[in-house]
Amino acid sequence: MIADARTEGPAALDRLEVSCRAAGLEGPVVLELRLVAEEVVTNVAKYGYAPETPAAMEVLLSMGDDAVSLEFHDRGRPFDPLGQPRPDLDAPLEERPVGGLGLVLVRALVEEARYSREGPVNVLRLVKRRTQQ
C-alpha cells in the first residue's frame with residue numbers, strides 16, 4: 001500500500017523493480033514495467049486526488065508463467081484512463097493539446113489493459129509478457 005503516491009511513489013517503484021528482477025524477468029521487461037507503473041502512479045498522484053488529500057493507492061504485482069500483471073487500486077476521482085480519446089499523433093505539435101501521451105506509452109508497452117470502477121475504487125489492470133518478443 002502506498003499511503004501517499006506523491007511522497008512514497010519513487011520508493012514503491014524501486015520495490016517493484018527489485019521484485020521484478022528477483023523474479024528473473026528480463027532487463028528490458030523490468031524497465032518497461034517500471035515505466036508503465038511510474039506513469040500510472042504519477043497520474044494518480046497528480047490528478048486523482050485533491051492537492052491537500054494524500055494520494056493513497058495500492059499496487060499489486062502478480063506473475064504467471066507467461067505474463068506479469070500490475071493492478072492499481074485507488075479511491076481517487078472516478079477516471080477511466082482507457083476511455084479517453086487517443087491523441088492525434090499526426091497533428092502538428094502546435095495543434096496538439098498538452099498531455100495525453102503517457103497513456104499512449106502505457107498502451108504500447110503492455111499486451112492487455114482493463115479498467116473498472118469497483119464501488120469507490122478505480123482499478124486498472126495491465127498485463128505484460130514476461131519475455132520480449
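The share of C-alpha pairs in the stretch 42-110 whose separation exceeds 13 Å stands at 73 percent. By other beta-carbon atoms within 10 Å, ranking Tyr49, Tyr115 with the fewest at the front produces Tyr115, Tyr49. 3J(HN,Hα) along the stretch 55-65, derived from phi through the Karplus expression 6.51 cos²θ - 1.76 cosθ + 1.60 where θ = phi - 60°, amounts to 8, 6, 7, 10, 10, 10, 10, 9, 10, x, 5 Hz, with x in place of Gly and Pro. The radius of gyration of the Cα set in the chain, together with its Dmax, comes out at 15.0, 45 angstrom.
Of the residues Pro85, Tyr49, Leu33, the one whose Cα sits farthest towards the positive end of the charge dipole of the stretch 24-88 is Tyr49 (charges of +1 on Lys and Arg Cβ, -1 on Asp and Glu Cβ, taken about the Cα centre). Residue by residue, the stretch 105-112 carries 3J(HN,Hα) couplings of 4, 4, 4, 6, 9, 10, 8, 8 Hz when phi is fed to the Karplus relation 6.51 cos²θ - 1.76 cosθ + 1.60 (θ = phi - 60°); x denotes Gly or Pro.
Computed over the chain with a Gaussian network model linking Cα atoms closer than 10 Å, the most mobile of Leu60, Leu109, Leu93 is Leu93. Packing-based ranking of 76-86, 12-22, 34-44 yields 34-44, 12-22, 76-86, ordered from highest to lowest mean Cβ neighbour count within 10 Å.
Taking every alpha-carbon pair under 8 Å whose residues sit at least 6 apart, the stretch 5-129 reaches a relative contact order of 25 percent. Residues whose amide H comes within less than 5 Å of that of Ala56, counting only those at least five positions distant or on another chain, are Ala5 (H built at 1.01 Å from N in the peptide plane). Couplings 3J(HN,Hα) for the stretch 68-81, derived from phi with the Karplus relation 6.51 cos²θ - 1.76 cosθ + 1.60 (θ = phi - 60°), are 10, 10, 10, 10, 10, 10, 8, 9, x, 4, x, 7, 9, x Hz, where x marks Gly and Pro.
Throughout, read-outs are computed from the coordinates displayed, never taken from laboratory work. Since we're looking at a predicted model, the values are computed, not measured. Backbone-built Cβ (ideal geometry, glycine too); neighbour counts: all protein chains shown.
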